[in-house]
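Asker: Supplied in structure tokens, the structure appears directly below.
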Amino acid sequence: MPQLKNILISTFAAAVLLLFGGVNEVNGDPLTYEVVGDTVTIKDCKASATGELVIPLTYDGKTVTRIGEDAFNGCSSLTGVTIPDSVTRIGNKAFAGCSSLMSVTISDSVTSIGEWAFEGCSSLTSVTIGDSVTSILWGAFAGCSSLTGMTFPDSVTSIGHLAFAGCRSLASMTFPDSLNDISWGAFEGCSSLKSLTIPDSVTNIKGETFQGCSGLTSVTIPDSVTSIGNFAFNGCSSLTSVTIPDSVTGIGNNAFVGCSSLTSMTIGNSVTRIGKYAFYGCSSLMGITIPDSVTDIGLWAFRRCSSLTSVTIPDSVTSIGSNAFANCSSLTSITFEGNAPDTGDDVFSGVSENAKIFINPGATGFGETFEGLPVVILKKLKINTFSKSDSPFTISFESKAGATYVIEVTHDLKQWSEIGEVQGTGGSVKFADPRLPIVPFKRNYFRVKLVE
């Protein structure tokens, strides 16, 4: 009889709390519920809970609407969770450390996934996110190292800081057109990610967003993007080519550091600044065209780009930082299209011993040497004949005895490549394009540079 008395007292106390709008926590098995008015929040789960768990739609006739902060944190034996359509919010760290959790279905009623909600769920391979989620907050799926793919519903507008950081098995994902904000470090360390298309609703690639995505081979940056943040693609060592659209005005510090497979880079015509260390250690980069919108090249910007053979500095550049092209050991040709810019220390230290600087007649600020390299003044050539045929292109011109002439080609007037040399004879010399066949359906532009 004393046991019955205790039950009656507990029930009466609960009724009093509810009557006066209080909070009643009721221990279920294995869940603990918090009842406030007509709504219920999951507050806790016994650490001993195992297997698949279906969260009920209601408790004691009242709707379950929230999964509270830390509710399932550390439930390391749970393998699956189904969240009912009544739940609208998943709290911070709600499932953090559920290391055996393999699948989660988030219902269409959920609008927000809290900070670090599934952090450290290292066995999680699949996640279905409902069509009402608008934001995925800080670290929501960080460290979910078995997650292989992710499709975001059209409702998602923002992905928070470090949201998927360390998801090293994430090989594919599809961004919705609704997405307008990817916060810094969101996909840092997603080393299995192969290709990436950023939707044209995104305007800013923030710092560290794709840092350490070492398996990334290609990325498409839309012309809605205006800036690329610091360390944005740092350590993307499999990335082979990047086109930065004309909409981008700035490339951040360390943006492409260590992209050691990057062979070509097209920089859009609106970029005004190339940040410090921006392309440091891009050891496969063979050519780079700096647009005439750029005014500042940061220190160490192209240091250790050991495959870079030539570079043209447009007349818009007024400042080049220290060691900007240091240790570019294959660099032999540096062309300045304007007057000498302000330079830091050792801008060209460690370049090829055959490197020369080429300038236009009348350019000021240069001497016989510039930054330790010999200066050659470019001269106008007298062109005798040239072919308009594509097979092959030929050109003849008057030459100076003992001089060397370099012939370069481009498809876009941005990226120039050397295709041959001609030795001067003191008379007319002829050059024929050795490439067979010429790339079809592309216009070819040629130029001749004198190397004395």
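Asker: State the number of residues belonging to the range 312-322 that are outside any loop (DSSP other than H, G, I, E, B) and closer than 15 Å to Ile357 by Cβ.
Answerer: Within the range 312-322, residues that are outside any loop (DSSP other than H, G, I, E, B) and closer than 15 Å to Ile357 by Cβ number 3.
Asker: Further question: Go over the candidates Gly114, Gly160 one by one and state the one that is under 19 Å from the mean Cα position of the chain (by Cα), buried (at least 20 other Cβ atoms within 10 Å of the Cβ) and in contact (Cβ under 8 Å) with a residue 40 or more places away in the chain. Before the answer, list the steps.
Answerer: Details: Gly114 fails: under 19 Å from the mean Cα position of the chain (by Cα).
That would be Gly160, the only listed residue that is under 19 Å from the mean Cα position of the chain (by Cα), buried (at least 20 other Cβ atoms within 10 Å of the Cβ) and in contact (Cβ under 8 Å) with a residue 40 or more places away in the chain.
Asker: Here is a follow-up. Which pairs have Cβ atoms under 6 Å, sit 6 or more apart or on different chains, and link a residue in the range 323-345 that is free of Cβ contacts under 8 Å to residues at least 24 places away in the same chain and under 17 Å from Lys356 (Cβ atoms) to one that is part of a strand (DSSP E or B) and among the β-branched types (Val, Ile, Thr)?
Answerer: Here the result reads none, with nothing in the range 323-345 linked to a residue that is part of a strand (DSSP E or B) and among the β-branched types (Val, Ile, Thr).
Asker: Looking only at residues in the range 192-228 that are of a type in the set (Gly, Ala, Ser) and within 21 Å of Thr272 (Cβ to Cβ), which one is surrounded by the most Cβ atoms within 10 Å (Cβ to Cβ)?
Answerer: Quick first cut of the range 192-228, residues of a type in the set (Gly, Ala, Ser) only: 192, 195, 201, 207, 212, 214-215, 218, 224, 227.
Checking the rest, the ones that are also within 21 Å of Thr272 (Cβ to Cβ) come to 207, 224, 227.
Working: Gly207: 20, Ser224: 16, Ser227: 17.
In this case the residue turns out to be Gly207.
Asker: Sticking with this one: Hey, could you check the range 365-385 for residues that are closer than 30 Å to Lys430 by Cβ and free of Cβ contacts under 8 Å to residues at least 40 places away in the same chain and say which is surrounded by the most Cβ atoms within 10 Å (Cβ to Cβ)? I'd like the intermediate steps shown before the answer.
Answerer: First, pick out the residues of the range 365-385 that are closer than 30 Å to Lys430 by Cβ: 374-385.
Keeping just the survivors that are free of Cβ contacts under 8 Å to residues at least 40 places away in the same chain gives 374-375, 377, 380, 382-383, 385.
Values: Pro374: 12, Val375: 18, Ile377: 14, Lys380: 7, Lys382: 8, Ile383: 11, Thr385: 10.
Filtering first and then ranking leaves Val375.
Asker: Given the conditions (1) out of contact with any Asp or Glu (no Cβ under 7 Å at 6 or more places or on another chain); (2) in a loop (DSSP other than H, G, I, E, B); (3) more than 26 Å from Ala278 (Cα to Cα), report the number of the one that Gly189 does not fulfil.
Answerer: (3)
Asker: For the range 416-452, name all the residues that are more than 20 Å from Ile313 (Cβ to Cβ), at pLDDT below 70 and not aromatic (Phe, Trp, Tyr).
Answerer: We begin by selecting, within the range 416-452, every residue more than 20 Å from Ile313 (Cβ to Cβ); these are 419-444, 446.
Right, trim to at pLDDT below 70 and you get 436-442.
Within the range 416-452, Leu436, Pro437, Ile438, Val439, Pro440, Lys442 qualify.
Asker: Just name the residue that is surrounded by the most Cβ atoms within 10 Å (Cβ to Cβ) out of those in the range 69-96 that are on the phi > 0 side of the Ramachandran plot and modelled with pLDDT of 95 or more. Spell out how you get there, then give the answer.
Answerer: Step one: list which residues in the range 69-96 are on the phi > 0 side of the Ramachandran plot, which gives 70, 74, 93.
Within this subset, residues satisfying the condition of being modelled with pLDDT of 95 or more are 70, 93.
Working: Asp70: 18, Lys93: 23.
Going through the qualifying residues, I end up with Lys93.
Asker: Checking the conditions here, which among Ile106, Ile129 is of a type in the set (A, V, I, L, M, F, W, C), over 17 Å from Thr79 (Cα atoms) and modelled with pLDDT under 95?
Answerer: Values: Ile106 fails: over 17 Å from Thr79 (Cα atoms).
Criteria check complete, one pass: Ile129.
Asker: Another one. Could you identify the single residue in Gly281, Gly258, Gly275, Gly252 that is in contact (Cβ under 8 Å) with a residue 40 or more places away in the chain, over 29 Å from Pro176 (Cβ atoms) and buried (at least 21 other Cβ atoms within 10 Å of the Cβ)? Let's see the steps before the verdict.
Answerer: Values: Gly281 fails: in contact (Cβ under 8 Å) with a residue 40 or more places away in the chain; Gly258 fails: in contact (Cβ under 8 Å) with a residue 40 or more places away in the chain; Gly252 fails: over 29 Å from Pro176 (Cβ atoms).
Step by step, each of Gly281, Gly258, Gly275, Gly252 is checked, and only Gly275 is in contact (Cβ under 8 Å) with a residue 40 or more places away in the chain, over 29 Å from Pro176 (Cβ atoms) and buried (at least 21 other Cβ atoms within 10 Å of the Cβ).
Asker: Does Val347 satisfy being within 23 Å of Thr289 (Cα to Cα), touching a Lys or Arg at 6+ places or on another chain (Cβ under 7 Å) and hydrophobic (A, V, I, L, M, F, W, C)? Outline the logic, then answer.
Answerer: Details: within 23 Å of Thr289 (Cα to Cα): yes; touching a Lys or Arg at 6+ places or on another chain (Cβ under 7 Å): no; hydrophobic (A, V, I, L, M, F, W, C): yes.
Considered against the rule, which asks whether it is within 23 Å of Thr289 (Cα to Cα), touching a Lys or Arg at 6+ places or on another chain (Cβ under 7 Å) and hydrophobic (A, V, I, L, M, F, W, C), Val347 comes out as no.
Asker: Here's something else I'd like to know. Within the range 263-284, can you find the residues that are of a type outside the set (S, T, N, Q), closer than 15 Å to Leu239 by Cα and at pLDDT 95 or above?
Answerer: So in the range 263-284, the residues of a type outside the set (S, T, N, Q) come out as 265, 267-268, 271, 273-282.
Within this subset, residues satisfying the condition of being closer than 15 Å to Leu239 by Cα are 265, 278-282.
Passing the criteria: Ala278, Phe279, Tyr280, Gly281, Cys282.
Asker: Within the range 192-226, which residues are part of a strand (DSSP E or B), under 13 Å from Gly252 (Cβ atoms) and either of a type in the set (Val, Ile, Thr) or free of Cβ contacts under 8 Å to residues at least 24 places away in the same chain (or both)?
Answerer: First, pick out the residues of the range 192-226 that are part of a strand (DSSP E or B): 195-197, 204-205, 218-220.
Filter again for under 13 Å from Gly252 (Cβ atoms), leaving 204-205.
Hit for the range 192-226 is Ile205, nothing else.
Asker: Give the residue that is nearest to the chain's Cα centre (by Cα), with candidates limited to residues of the range 351-364 that are buried (at least 17 other Cβ atoms within 10 Å of the Cβ) and part of a loop (DSSP other than H, G, I, E, B).
Answerer: Step by step, filter the range 351-364, then rank; the result is Val351.
Asker: Evaluate the following for Ser310: is it closer than 25 Å to Val406 by Cβ, of a type in the set (S, T, N, Q) and surrounded by 21 or more Cβ atoms within 10 Å (Cβ to Cβ)?
Answerer: yes
Asker: Oh, and also: Which one of Val81, Val133 is in a loop (DSSP other than H, G, I, E, B), of a type outside the set (S, T, N, Q) and in contact (Cβ under 8 Å) with a residue 24 or more places away in the chain? Working first, answer last.
Answerer: On the way: Val81 fails: in a loop (DSSP other than H, G, I, E, B).
Among Val81, Val133, only Val133 is in a loop (DSSP other than H, G, I, E, B), of a type outside the set (S, T, N, Q) and in contact (Cβ under 8 Å) with a residue 24 or more places away in the chain.
Asker: Which residue out of Phe187, Phe175 is crowded, with 23+ Cβ neighbours inside 10 Å, over 20 Å from Arg89 (Cα atoms), out of contact with any Leu (no Cβ under 6 Å at 6 or more places or on another chain) and of a type in the set (Phe, Trp, Tyr)? I'd like the intermediate steps shown before the answer.
Answerer: Details: Phe175 fails: crowded, with 23+ Cβ neighbours inside 10 Å.
Phe187 is the lone residue from the list that is crowded, with 23+ Cβ neighbours inside 10 Å, over 20 Å from Arg89 (Cα atoms), out of contact with any Leu (no Cβ under 6 Å at 6 or more places or on another chain) and of a type in the set (Phe, Trp, Tyr).
Asker: Let me ask you something else. Is it true that some residue in the range 297-310 is within 23 Å of Gly350 (Cβ to Cβ), modelled with pLDDT of 95 or more and either charged (D, E, K, R) or touching a helix residue (DSSP H, G or I) at 6+ places or on another chain (Cβ under 8 Å) (or both)?
Answerer: yes
Asker: Moving on to the next point. Restricting to the range 148-183, give me the number of residues that are over 15 Å from Trp116 (Cα atoms) and among the hydrophobic types (A, V, I, L, M, F, W, C).
Answerer: 9
Asker: Moving to a separate point now. Read through the list (1) surrounded by fewer than 18 Cβ atoms within 10 Å (Cβ to Cβ); (2) modelled with pLDDT of 95 or more, then give the number of the only condition that Arg66 fails.
Answerer: The failed condition is (1).
Asker: Tell me which residues, restricted to the range 227-279, are outside any loop (DSSP other than H, G, I, E, B), touching an Asp or Glu at 6+ places or on another chain (Cβ under 8 Å) and of a type in the set (A, V, I, L, M, F, W, C).
Answerer: Within the range 227-279, Ile274 is the sole residue that qualifies.
The values are calculated or read from the model by the stated rules, or taken from the named source; none is laboratory data. As the structure is a prediction and not an experimental result, all values here were calculated from the model. Cβ coordinates were reconstructed from backbone atoms using ideal geometry, including for glycine residues, and neighbour counts include every protein chain displayed.
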